[in-house]
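The structure appears below as structure tokens.
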Amino acid sequence: MQGRLEKLRSLAMRDGGLPLVWLMLTVLMLVPVWHQRLLPMLDTANHLALVRGWHSFNDPAYRISEYYTLRIRPVPYFLFYLSIHLMMFVVSIEVANKLFLTLYLILFPLSILSVARALKRSPWLALGAFPLAFNQNWIYGFSSYLMGTVFLFFALAMLLRYLDEGRRRHAIWLGVCTLLTYFSHILPWCCFGLCAIAVLLLSWRKWKRGLYASLAMMPSLTLAIVTFLDERSEKTYMKTGEGFAGTWRDFPTAVMEFPKRVMELFPGELDTAVLGIVIVTVIGLVIWQRRREGARPLTEHDRLLRWVLAVLMIVYVSLPYSVTRPMSWWYISPRLPSMMAPLLLLWPDLKLVGRQRLIMLPLIVAAIVLPLKLARLYRDFSNRNAGFFRLIAELPRGANTLVVVRGMMRGPGSEEKSGDAASSGPVYWHFSSWPMALNGGYGPYVFDQGIPIRPKMVLRSPQFAATDAFDIRQAPEYDYYIVRMPMEQMDREPSLKIMDQMGEWTLYKRIGDLTDEP
């Protein structure tokens, strides 16, 4: 026993106690996820509704098959949907989602550590990944994208290590991570592909290893080509018209918005202060390195890192903000800064030994404060909306329920305006999908992404952005209505019966026909 304790102590104190600090920060990162029931993440409910459609498709109690067809394909997003679907055989859909987010939060710093080691950087620099795991993509609920960035970084580390060492296991893991990136999200996969091309061109003298690395990445490219051809023939996702239409941020705006895209999480200044500490720490380390070592020549790893960042910067300023044709895809280029920021952590190339590691102390404090702040905000948000979930619990399984969130639109640019003190994003936009995610039935605003389900019929519903002017006759076919801050005329509507009221939310049951136009 004494020997084992000594071995554990030696492991915990290795590299100046980094494993101990790492474990502490990892545990703290998980507090915001498990401290309460509800997370204020925008798209989460919508994606979980799609998983419910897959998991409960053949259960008649959920009535999914009445409104949707099942369409399973090995395409981007598949990893998230499959993971939640499989975990739902053991745990509830909400717990499954939290387990997926837990895995992301554990793996994200480890993926940056992997890149740090591949670039021969100090592993202490990877501690900056802990606060950066909570970025704008987190508040918008882009869970698949977040996991895609994890595997992008692992794939990049494996590519660098294979080019350096030529070990077969690194090539195998490169192929696996590239596939997992593809199955997570198309944008990280495309970004990795462009970065990999740059790395291979810069490493042309290692052409044989570069060839084997390319072969390892080939399966994901083959899948992408097959998927594209399948999409062209079936029009499952590219269905909003011919040609191309999108909107862009001009170059100065894109540069000025960069910090916001990395870490604008909630109203207030704390998130900005945390990002500032990360930036000041990196700049301080660069200045320290220059003063200690002078203007030394760039190493091969320095050049590779700079070119990867340059490629990502070009992609960031070149991609559209959103696309409306031939597909509908919002918030594209703003996702890139949170991918670039962890790599900027690795810019300094110096070893931190002994008391030199104390320079990371402010960053460690920031990595402690941020998740604790998020935990408090999320707990308050969950408590304030507990009534909404209690009303959903009163619904019969499979009931068609329309959720009307009045007051969620806040003028032009509502998609980037805070809908609540817990988040800088419009957290109530997809509350309409929670009844389907938990109880099945029909979701009027669920994404049609081609997988894992597709609608085969549509119930009449009001326009998504017209909730404040909602009239019950705009949606006459639903069994139940959950309305936030309902207008008085709904209480007087003879075709509706108030079933329950909790806080701002009221549950109505339709007891008569609603066929007349307003």
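Some points to look at:
- Matching residues in segment 326-356 - criterion: being over 20 Å from the mean Cα position of the chain (by Cα), buried (at least 19 other Cβ atoms within 10 Å of the Cβ) and of a type in the set (D, E, K, R): D349
- Filter result (loosely packed, with under 14 Cβ neighbours inside 10 Å and among the small types (G, A, S)) within segment 387-413: A393, G407, G411, G413
- Residue pairs meeting the criteria (Cβ under 7 Å; at least 6 apart or on separate chains; first in a loop (DSSP other than H, G, I, E, B), in segment 236-251; second surrounded by 12 or more Cβ atoms within 10 Å (Cβ to Cβ) and polar (S, T, N, Q)): Y237/Q449; T240/T324; T240/S328; R249/S333
- Residues that are within 22 Å of E416 (Cβ to Cβ) and in a helix (DSSP H, G or I) were ranked within segment 137-147; the one that is farthest from the chain's Cα centre (by Cα) is I139.
- Considering segment 403-518, the qualifying strands (runs of 3 or more DSSP E), each wholly inside and each with 1 or more residues that are touching a strand residue (DSSP E or B) at 6+ places or on another chain (Cβ under 7 Å) and of a type in the set (S, T, Y), run over 480-484, 505-510.
- Of everything in segment 98-136 that is in a helix (DSSP H, G or I) and among the aromatic types (F, W, Y), the residue that is surrounded by the fewest Cβ atoms within 10 Å (Cβ to Cβ) is F100.
- Near pairs, Cβ below 6 angstrom, 6+ apart or cross-chain, from segment 376-405 (assigned by TED's automatic domain parsing to the domain that holds D468 and touching a residue at least 40 places away in the same chain (Cβ under 8 Å)) to any residue that is part of a helix (DSSP H, G or I) and among the hydroxyl-bearing types (S, T, Y): G398/Y62; V403/S432
- Filtered residue count, segment 408-463, keeping only those that are small (G, A, S) and farther than 28 Å from F57 by Cα: 10
- Residue check for L99: assigned by TED's automatic domain parsing to the domain that holds I277 and either at positive phi or modelled with pLDDT of 95 or more (or both): no
- Residue within segment 331-349 that is over 15 Å from L309 (Cα atoms), basic (K, R) and in the same structural domain as P131 (by TED's automatic domain parsing) present: no
- Residue match in segment 124-147 (condition: free of Cβ contacts under 8 Å to residues at least 60 places away in the same chain and within 30 Å of W329 (Cβ to Cβ)): yes
- Within segment 346-364, restricting attention to residues that are without any contact (Cβ under 8 Å) to a residue 40 or more places away in the chain and among the aliphatic types (A, V, I, L, M), the residue that is nearest to L275 (Cα to Cα) is L361.
- Just one residue in the set L275, L285 is assigned by TED's automatic domain parsing to the domain that holds I359, under 13 Å from A341 (Cα atoms), surrounded by 15 or more Cβ atoms within 10 Å (Cβ to Cβ) and out of contact with any Asp or Glu (no Cβ under 8 Å at 6 or more places or on another chain); that residue is L275.
- Restricting G193, G175 to residues that are touching a helix residue (DSSP H, G or I) at 6+ places or on another chain (Cβ under 6 Å), assigned to a helix (DSSP H, G or I), assigned by TED's automatic domain parsing to the domain that holds Y331 and not β-branched (V, I, T) narrows the list to G175.
- Among the residues of segment 53-97, those that are part of a helix (DSSP H, G or I), surrounded by fewer than 22 Cβ atoms within 10 Å (Cβ to Cβ) and among the hydroxyl-bearing types (S, T, Y) comprise Y62, S65, S83.
- Residue check: Q501 meets all listed conditions (1) polar (S, T, N, Q); (2) surrounded by fewer than 16 Cβ atoms within 10 Å (Cβ to Cβ); (3) over 20 Å from G387 (Cα atoms) but one, namely (3).
- Condition check for L202: out of contact with any helix residue (DSSP H, G or I) (no Cβ under 7 Å at 6 or more places or on another chain) and at pLDDT 95 or above: no
The values are calculated or read from the model by the stated rules, or taken from the named source; none is laboratory data. What you are looking at is a predicted structure, and each value in this text was computed from that prediction instead of being measured. Every residue, glycine as well, gets a Cβ built from its backbone with ideal geometry; the counts of neighbours run over all protein chains shown.
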